[in-house]
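Trainee: Okay, handing you the structure first.
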Amino acid sequence: MIAKTFEIRDKGTFIPVMAVRLEPGCEGDRYLFGRAGYGIVPEAQRRFVTLLRVDGGEGFATSDPYAWTGTARTMTVAHKHIEEHFDQLESGAVVDVEFLMGVTAEPKKSERETSFL
C-alpha cells in the first residue's frame, strides 16, 4: 500500500485527507484485497484508491468516489482526481476542486503557506 496526504480545497473548504493506493506488498495482501472485491491480480488492485478524511479519529473512508455524503461534490471531484493522478501528485499537495472544475483560473495555495499557525 502507498499512502499520501492531500489538502482538499473548495469554496470556503479545507479538508485534510489521506489517500491509500492498493499496492499488494505480499501474497497475503493480494489475497485479502481479492477477497474484499478489489480484483485478484495486482494490476487490477492498483486502480483503487481509498480516501479517508483525517479528522481526529472521526473520519470516513471509502474507495468509491460516489459514496461521499455531505460534501459530496467536493469529495467526489477530489477523489476522482486523486485516483486518476495518484502517481503524479506529491504527498501534501493541494487538490482544488474549484480549479479542477474550471470555476477559478488558478489553484488555491496551501493553507500551510497562508495560515498563521
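Trainee: State all residues of the stretch 53-70 that are within 22 Å of Gly12 (Cβ to Cβ), buried (at least 16 other Cβ atoms within 10 Å of the Cβ) and in contact (Cβ under 8 Å) with a residue 12 or more places away in the chain; if no residue qualifies, say none.
Mentor: Scanning the stretch 53-70 gives Arg53, Pro65.
Trainee: Given the structure, is Gly59 part of a loop (DSSP other than H, G, I, E, B), of a type outside the set (Asp, Glu) and closer than 15 Å to Pro16 by Cα? Break it down into steps so the answer makes sense when it comes.
Mentor: Values: part of a loop (DSSP other than H, G, I, E, B): yes; of a type outside the set (Asp, Glu): yes; closer than 15 Å to Pro16 by Cα: yes.
Considered against the rule, which asks whether it is part of a loop (DSSP other than H, G, I, E, B), of a type outside the set (Asp, Glu) and closer than 15 Å to Pro16 by Cα, Gly59 comes out as yes.
Trainee: Only one of these conditions is not met by Ala105: (1) more than 19 Å from the chain's Cα centre (by Cα); (2) buried (at least 18 other Cβ atoms within 10 Å of the Cβ); (3) of a type in the set (Gly, Ala, Ser). Which number is it?
Mentor: If we test Ala105 against (1) more than 19 Å from the chain's Cα centre (by Cα); (2) buried (at least 18 other Cβ atoms within 10 Å of the Cβ); (3) of a type in the set (Gly, Ala, Ser), just (2) comes out false.
Trainee: Another question, if that's okay. Pick from Glu27, Glu90, Glu98, Glu43: which is among the charged types (D, E, K, R), loosely packed, with under 12 Cβ neighbours inside 10 Å and closer than 23 Å to Ser115 by Cα?
Mentor: Glu90
Trainee: Mind checking which residues of the stretch 38-65 are hydroxyl-bearing (Ser, Thr, Tyr) and within 19 Å of Glu7 (Cα to Cα)?
Mentor: Hits for the stretch 38-65 are Thr50, Thr62, Ser63.
Trainee: List, please: which pairs have Cβ atoms under 8 Å, are six or more places apart or on different chains, and start with a residue in the stretch 91-117 that is under 21 Å from Leu51 (Cα atoms) and end with one that is surrounded by fewer than 10 Cβ atoms within 10 Å (Cβ to Cβ) and of a type outside the set (Gly, Ala, Ser)?
Mentor: Sorted first by the residue in the stretch 91-117, then by its partner, the pairs are Phe99/Glu106.
Trainee: Right, something else. Does Glu84 meet the test of being without any contact (Cβ under 8 Å) to a residue 60 or more places away in the chain, surrounded by 11 or more Cβ atoms within 10 Å (Cβ to Cβ), assigned to a helix (DSSP H, G or I) and among the acidic types (Asp, Glu)?
Mentor: yes
Each reported figure results from applying straightforward, stated rules to the coordinates on display, with no laboratory input. From a predicted model like this one, the values you see are computed outputs, not experimental measurements. For neighbour counting, all protein chains shown are included, and Cβ atoms are generated from backbone atoms with ideal geometry for every residue, glycine included.
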